[in-house]
Structure formats: structure tokens, C-alpha cells
Amino acid sequence: MSSLRALANLVKQLEDQLVVCMRCGLCQAVCPLFAETGREADVARGKLALLDGLAREIFENPRGVQDRLARCLLCGSCAANCPSGVKVLDIFIRARAILAGYLGLPPWKKVLFRRVLSKPSFFNRILAWGAKFQGIFLKPVDDLLGSSCSRFLSPLLKERHLKPLAKIPLHRQTPTLNTPPGVSGLKVAFFVGCLIDKVFPRVGEAVLKVLEHHGVGVYLPRGQACCGIPALSGGDTVAFKEMLGRNLELFGAEPWDYLITACATCASTIKKMWPLLAQEDGEAEQARIKAVADKVLDVSQFLADQAGLTPAGKAGEGDKVLITYHDPCHLKKSLGVAAQPRSLVRANPGYELTEMPEADWCCGCGGSFNLQHYEISAAIGRRKAENVLKSGAAAVATGCPACMLQLTDLLSRAGAKVRVRHAVEIYAEALKTNRRI
């Protein structure tokens, strides 16, 4: 009982934020998980009530609360639409850390977060071997989407249509860069992110291509670590702090004007979560993290708002490819970025942008949520895939590699011949530079 009281005291650290929730239920209307399950405990209001009860020692089942908190996409739809301004994601992230500290992490999570993701060189070596031998376990199913499925029945892969690991990740194609500002007078640091590096290196090459075109200097340090969101979502602040510290050291070694990334989740994590988890650090460390977070921009923000998009030539009407756009939750709902990626798409005269229904409805990926609750994740994703098909587009663009994985899976399983692209790839196609992608 004393142990549970100690946990309650820890959860009471969130009390000031918990009492802001009026239990109005507006989060129900926008929660993609609730739309699929209809369960009160799956919506933000229900989870906040569980935490409040735990803080007041009404509930004696912290493991159950932890399991409920894990059933969340962390998409931010509830926070973006909350009339009371409840910082739901902040609460859930901190609560997961508190519960993980109290209950302990499963051994597999400790190994994954502290021995693999926190060690970039080791992580790279493991996935290099994975890329080399993945053909034993995967077989191609769709050449247009580049998807594969498992050759064998697998409890982990299940019925997924996967994007295989790239044969040559970005960190081997372009290990490091440190170029001076060109005609733009600007220099950026490029945070690549795990998925772009290891699954979608073509997106990273597109970023480098457009930066070269705009005369932007690039600082691309060797040995970048994960942004930390997998560890943070799992409640492992120890591993998160290690990744954070490594990245701060790398990116603090060179002056630059902005830190850009083509991953919506990385951008949101660095801008929002890094400062949040630094609140208990010293003033000097908080200032160091804030200095980085304040300069974070999604690549579409940087190009549209800072560098200025380059209009390309005109294409004949008959030559245009109809394309639609999916808003990543972490880009639109967390960072308020929606117009800029569409501007990138429109800057390519070979494409005509058409809006799909519910363009900002969550695709259902949710990172680790997809691994732990694939059936629900896929069910949410089917709604997105149906909306892509309703648009009549031959391609769908987005600004998040995790969304690209989910869209590829669902469209491939539906037999839909719709290409999945990153918005920066569409823009890069229209530009003439010396860098090829």
C-alpha cells in the first residue's frame, strides 16, 4: 500500500494539468482510436480520468493504467481540438515515464532502447545485416509501391505489406556534409531520422538536392542518434536522455541557422518533447535544448517560408499526374504545418493537387502502436486508404516517413495502384541540380 501511495504522489505531479480537463467529451469526436473501438477508456477523457483516480489512490491497478495509456496513437487530435487547452500529449508522455519508472521496463524494451537505439553504430550494423538477409524472409508483392510481405507465417510481421530496408542507407550514401552557405546566405543542420536513413534514403537525397538548388549550406554530422520518440513513448527516459545528449553534442559542434528534418515526428519531438523533458534539468541544459528546439523547421516550412520556392516550367494539361496529400498528425496538429507541403507539391508542374476527404484524419500508424496493436492500426488506416482512393489520385504525398509506411501497407494490401511519395520528392523532381535521386 505504501508503494502505491508513493506512485500516487508521483502522479500528483500532473494534478495541475489533469484538473483542466472538463470531461466535455469533445475529444471523442476526433479520436481515431475511439472511432474504431467506441470504448471510453480509449479516448483522452477516459485516460485522464484513470490517471486522476490513480493520483487519488482510487485505483489500485497501475499496470492496467499503463496498458490503457499504451493504447494511444499520440496523434494529438484530442489536444488540437480541446477547448480547455489540456496538454494531453505532455501528460501522457510524463505519465508513461512515471509508470515505467515505478513498474520497470520489460527486458526487451531495455535492450531495444538502451543497447540498440542509443548506440547508432551498433544499430546501423544490425540493420545492415538485416538489409543483407531480408530477402530470405520477405518477398516482393507490388513493384509500384515497392512493398513486400513475409514469406512465412510470422506473429510480428503478420499480414503487413512492408517497405524493405534500403540496400544502401543514407548514412552510407552521404556519410557527412559540411558545406558553406551559398547564394541564400543560409546554412542548415539536417536531422535525418531513422526511417529516412534506413528505409527511405531517397527522401534524404531529395532534401539535399533541393538545398543544393537553393544555395543552402548543409551541416550533416556523422553518427546521428534517434530523436528519442520510441524510448519516450515507452517511458524510458534514461535511453531518451542518452539519445538527446548525443544529438545535442553533434549538432552543437557547428553553427547553423535552422535545424531541418523531413520527418514530421522527429520535428515534433525535437521542438516539443525535448524541452518538455528538460524541465527538471539545470538552466544551462534547458537553454541549450531550447536553442535547438527554437530553430527546428520541417523541410517544407524552411523551403516555403525561408528559402523561397522556385517555380518550374509548365507542363501540358494531359501530362499532369493527379496527386493528393495526407496531413501527418505531428506536422499539422502538433506544429500547425499544412500549407507549406502542399506548396511544394504545387511547385511541380507535372502534378495536379486534389484534396482527399478527411486529409488530416490519422493514418493509424502511431509508431510503436502499430507494432503492438496492428489490427486496430490497420482498421484505422483503411479509412485513410479509402479516402485516398476516393480522391481518384494516382499518387499520395505526405510529410512523414511513418505515414508513408502505413499508406504503403494499406494501399498495397488493397491492391491499389497509387504511389506513395514525400512532398519534398515531388518538389525535387522539378529542379535541375547536379545531385541525382
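Laboratory data are not the source of any read-out in this text; all were calculated from the coordinates shown. Predicted, not measured: the structure shown is a model, and the values here were computed from it. For neighbour counting, all protein chains shown are included, and Cβ atoms are generated from backbone atoms with ideal geometry for every residue, glycine included.
Near residue 59, the amide H atoms lying under 5 Å from its own belong to 54; only residues 5 or more places off or on other chains count, and H is placed 1.01 Å from N.
Given an 8 Å cut-off on Cα distances and at least 6 residues of separation, report the relative contact order of the chain as a percent.
With pairs under 8 Å counted, the relative contact order is 16 percent.
For residue 147, the residues whose modelled amide H falls within less than 5 Å of its own, excluding neighbours fewer than 5 places apart on the same chain, are 141, 142. Of the trypsin sites (Lys or Arg not before Pro) in the stretch 3-72, the ones in a loop by DSSP (not H, G, I, E or B) with at most 14 other beta carbons within 10 Å are 23, 39, 56.
Using only Cα atoms, tell me the angle between helix 44-55 and the longest principal axis of the chain; keep it within 0 to 90° and round to the nearest 10. Taking the Cα atoms of the chain, the angle to 44-55 is about 40 degrees. Close amide H pairs (under 5 Å, H built 1.01 Å from N) link residue 217 with 182, 186, 187, 188, residues at least 5 positions away or on another chain.
Farthest towards the positive end of the charge dipole of the stretch 353-436, among the residues 379, 362, 426, is the Cα of 426, using unit charges on the Cβ of Lys, Arg, Asp and Glu. Counted over the chain, the DSSP beta bridges are approximately 25% antiparallel.
For the stretch 358-369, 3J(HN,Hα) computed residue by residue from phi via the Karplus equation (6.51, -1.76, 1.60; θ = phi - 60°) reads 6, 4, 9, 6, 4, 7, x, 5, x, x, 5, 4 Hz, glycine and proline entered as x.
Who wins for biggest fluctuation among 211, 138, 73 in a Gaussian network model of the chain, springs between alpha carbons below 10 Å? Maximum among the listed residues: 138.
About its Cα centre, what dipole magnitude does the chain give when the only charges are +1 on Lys and Arg Cβ and -1 on Asp and Glu Cβ, stated in debye to the nearest 20? Mind dumping the intermediate values first?
Working: 56 positive and 40 negative charges, 231 e Å.
So the dipole magnitude of the chain works out to roughly 1120 debye.
Which GluC sites (Glu not before Pro) does the stretch 241-333 hold that lie in a coil by DSSP with at most 10 other beta carbons within 10 Å?
280
Helix 283-293 sits at what angle to the longest principal axis of the chain, using alpha carbons and giving 0 to 90 degrees rounded to 10? Once rounded, one gets 40 degrees. Each peptide in 370-376, 337-343 gets a packing score, the mean of other Cβ atoms within 10 Å over its residues, and the list from highest to lowest is 337-343, 370-376. Each Lys and Arg contributes +1 and each Asp and Glu -1, all at the Cβ; summed about the Cα centre of the stretch 2-103, the dipole is approximately 80 debye. Whole-Hz Karplus values for the stretch 120-132 come out as x, 5, 5, 4, 5, 5, 4, 6, 5, 5, x, 5, 5 Hz, taken residue by residue from phi with 6.51 cos²θ - 1.76 cosθ + 1.60 and θ = phi - 60°; glycine and proline positions read x. Relative to the longest principal axis of the Cα atoms of the chain, the long axis of helix 2-11 makes an angle of roughly 40 degrees.
With Cα atoms defining each centre, the stretch 12-86 and the stretch 394-412 are spaced 28 Å apart in the structure.
Couplings for the stretch 58-63, taken from phi via the Karplus curve 6.51 cos²θ - 1.76 cosθ + 1.60 with θ = phi - 60°, read 7, 9, 10, 10, x, 5 Hz in order; Gly and Pro are left as x.
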